[in-house]
Number of protein chains: 2
Amino acid sequence: MPRLATDDPDALFGLAHDGERPALARLLSLVERGGAPARAVSRLSYPRSGAAATIGITGAPGAGKSTLTSALLGALRSEGARVAVLAIDPSSPFTGGAILGDRVRMGEHALDDGVFIRSMATRGHLGGLALATPEAVRLLDAVGFPWIVIETVGVGQVEVEVAGAADTRVVVLNPGWGDAVQANKAGLMEIADVFVINKADRPGVAETRRDIEQMLELSGPTGPDGWRPPIVATVASTCDGVAELLASVRSHRAWLRGSGELDRRRAHRLDEELQRVLLARLLERVREVEAGGSYEALRAEVAARRLDPWTAAERLLAEG
Amino acid sequence: MPRLATDDPDALFGLAHDGERPALARLLSLVERGGAPARAVSRLSYPRSGAAATIGITGAPGAGKSTLTSALLGALRSEGARVAVLAIDPSSPFTGGAILGDRVRMGEHALDDGVFIRSMATRGHLGGLALATPEAVRLLDAVGFPWIVIETVGVGQVEVEVAGAADTRVVVLNPGWGDAVQANKAGLMEIADVFVINKADRPGVAETRRDIEQMLELSGPTGPDGWRPPIVATVASTCDGVAELLASVRSHRAWLRGSGELDRRRAHRLDEELQRVLLARLLERVREVEAGGSYEALRAEVAARRLDPWTAAERLLAEG
């Protein structure tokens, strides 16, 4: 592919916009790696993004998130919509592009031209996935995907933050006592816009539904303008309930737009992102400073107590 | 006190060095608050510090750390040595100077001119207590205290970091099953130079001693040049065992000096501190930038998608 003998973000962006998947994959690698090329991608995609519907899929390992994502892909594809999937794995040392582990389960969509699936790990991106994920989502948005699904692998603070990059957050539970309690502990109840009880062919669906409802009650009554997260039972492996899930996602999206909550949510995310970006840029400067030639010399001055740490820091930053 | 009608660090430092306690208290407040005055204090104390023996006292709440500190104070005072105590409470909204809660238990030393006791909280110091504590220790060192005891209130990451500002770290446990296991979980076993089993008039001393020894075994054999943390049983309220504790602290200090470990440890702490200071300075710049007039304007540009977050961050930092 001689056309890809470029790492120029502008050229790659044009190709990706025309549907060249290798160019899009290359751009996502740049986003993942961070630094100046990632910032160049950000400058290209930012003004062109904002139209896509973004869905975050999160929940405990083994809840069936990949199968559910695959089923959701099928439902969207049957309507002809193009869909991109970002599978986020903070613990993976591997990087994007590769079809890893669970990705295989989405194999049925691997040859579909309207589907783009990508795994993402941190790979040294300063600020990690919390920074890289919204950038990647905007890129997919900017090159023309109307639907973007962000699937997280585990449940932790990072996953909750990553899922927060989506407009509609789907929390996947399983039937049986305790799952909702665990989800609550993991901070998932607060971020859920739609609940899915997947593997609903197993016993315990009613109990899990009741647990979720009780926790929703505890979080207080929903106002006239509020959103009460619906609870959808699915069997992702047979696509049972997936149409209902998609309908719930659409209802939520309509509510987001109609209530003004979409703008509020995006403004809030933007503030958080701007803080993260500022911090990441500053951390980059710290690394640059430490890699610079003066660091060791000034460090020795501090060790000899000829210079205090603050003055040393001032001098290092003045040079940077 | 007209002599204290100054906040000039140079003048205050001279007074503190001459034994003026209100001047020392004022300087510690400046350290606590951070910013330019704290940096001025740092520049004064840094070249004049390094001679004091510093002891960190940490352990679970209720283990008797304050009583033990008070007993240790008594032992040192009976030898005529001047002692400063920094009581560190990350959770307290109160600030220094005040004799808070447990301080009252040290009341017997309150009127002793050779003892200086001070509580410290964060009070918005950027980088928090992990940054302010070594600065405060160096100040006390520089104005002439040969012994400095740093007592932490709880057990958490901050407490472990704060205790790390001392050359000799004393971990206080109580008799009974499980205490050593909890301490291990809290990361205290790794940092312990001396173990104290306080309230040793209660049952379970042998078991706790065995637990500690087992954990020390697990961490591997100690080399010919290494230090094996002694385990001292005390009843702080009656001063039983406190002389032995002080002897252990002195043995450890002699080992630190003789083995070259004191220099290695201080060099390591210095690297960590330099990193924190660099980051704190940069975070100060973020706050300055956010408080500046351009932040809201640029944020609005980003919200309107006319500017991407990275470019906005660049512009803000270029102004700062």
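Please treat every number below as a calculation from the coordinates, not as lab data. None of the values given here were measured: they were computed from a predicted structure. Here the Cβ is made from the backbone with ideal geometry for all residues, glycine too, and neighbour counts use every protein chain on show.
So how much slack lies between A:Arg266 and A:Ala247, counting 0.36 nm per residue of separation and subtracting their Cα-Cα distance, in nm?
Answer, rounded to one decimal: 4.6 nm.
Taking chain B as the reference, fit the longest principal axis to its C-alpha atoms, fit the long axis of helix B:35-45 to the helix C-alpha atoms, and give the angle between the two in degrees, 0 to 90, nearest 10.
Once rounded, one gets 50 degrees.
Choose one answer from A:Ala132, A:Ala40, A:Ala300: the residue with the largest mean-square fluctuation in a GNM of chain A with alpha-carbon springs under 10 Å.
A:Ala300
Note the distances from B:Asp18 to each other copy's matching label point, with points 7 Å along the Cα-to-beta-carbon direction, in nm, sorted shortest first.
Listed shortest first, these distances are 8.2 nm.
Please report the antiparallel percentage of DSSP beta bridges with both residues in the protein assembly as shown, rounded to the nearest 5.
Antiparallel: roughly 5 percent of the beta bridges in the protein assembly as shown.
What is chain B's relative contact order, in percent, from Cα pairs under 8 angstrom and six or more apart in sequence?
The value is 18 percent.
Using 0.36 nm per residue, how much length does the chain from B:Ala25 to B:Arg287 gain when fully extended, once their Cα-Cα distance is taken away?
91.6 nm
What ranking of A:Ser248, B:Ser259 emerges when the number of other C-beta atoms within 10 Å of each C-beta is taken as an exposure proxy, fewest first?
If I rank by nearby Cβ atoms, fewest first, I get B:Ser259, A:Ser248.
Evaluate peptide B:285-291: per residue, the Cβ atoms of other protein chains within 10 Å of its Cβ; return the mean as an integer.
What the average comes to for B:285-291 is 2.
Express in nm, to one decimal, how much length is gained between B:Ala206 and B:Ala254 on full extension, taking 0.36 nm for each residue of separation and deducting their alpha carbon distance.
14.5 nm
What is the ratio of the Cα radius of gyration of chain A to 2.2 N^0.38 Å, where N is its residue count, to two decimals?
Rg over 2.2 N^0.38 Å, computed on Cα atoms: 1.12.
How big is the Cα convex hull of the protein assembly as shown in projection, averaged over all directions, in nm²?
Taking a quarter of the hull surface, the average projection is 34.4 nm².
How far is helix B:242-259 tilted off the main Cα axis of chain B, in degrees rounded to 10, range 0 to 90?
Around 60 degrees separate the two axes.
Under 8 Å for C-alpha pairs, at least 6 residues apart: give me the relative contact order for the stretch B:177-320, rounded to a whole percent.
18 percent
For A:Trp227, B:Trp147, what ranking results if the residue with the fewest other Cβ atoms within 10 Å of its Cβ goes first?
So the ranking, lowest neighbour count to highest, is A:Trp227, B:Trp147.
Just to confirm the numbers: B:Arg210, label point 7 angstrom along the Cα-Cβ line, distances to the other copies in nm, shortest first?
Result, one decimal in nm: 4.7.
Between B:Ala25, B:Pro47, B:Leu270, whose Cα lies farthest towards the positive end of the dipole of the protein assembly as shown when Lys and Arg beta carbons carry +1 and Asp and Glu beta carbons carry -1, centred on the Cα centre?
B:Pro47
Note the angle between two axes, namely the Cα long axis of helix B:309-319 and the longest principal axis of the Cα atoms of chain B, as a number of degrees from 0 to 90, rounded to the nearest 10.
Tilt relative to chain B: about 90 degrees.
I need the calculated FRET efficiency for the pair A:Asp8 and A:Arg48, taking r as the beta carbon distance and R₀ as 22 Å, to the nearest 0.05.
With a Förster radius of 22 Å, E is 0.80.
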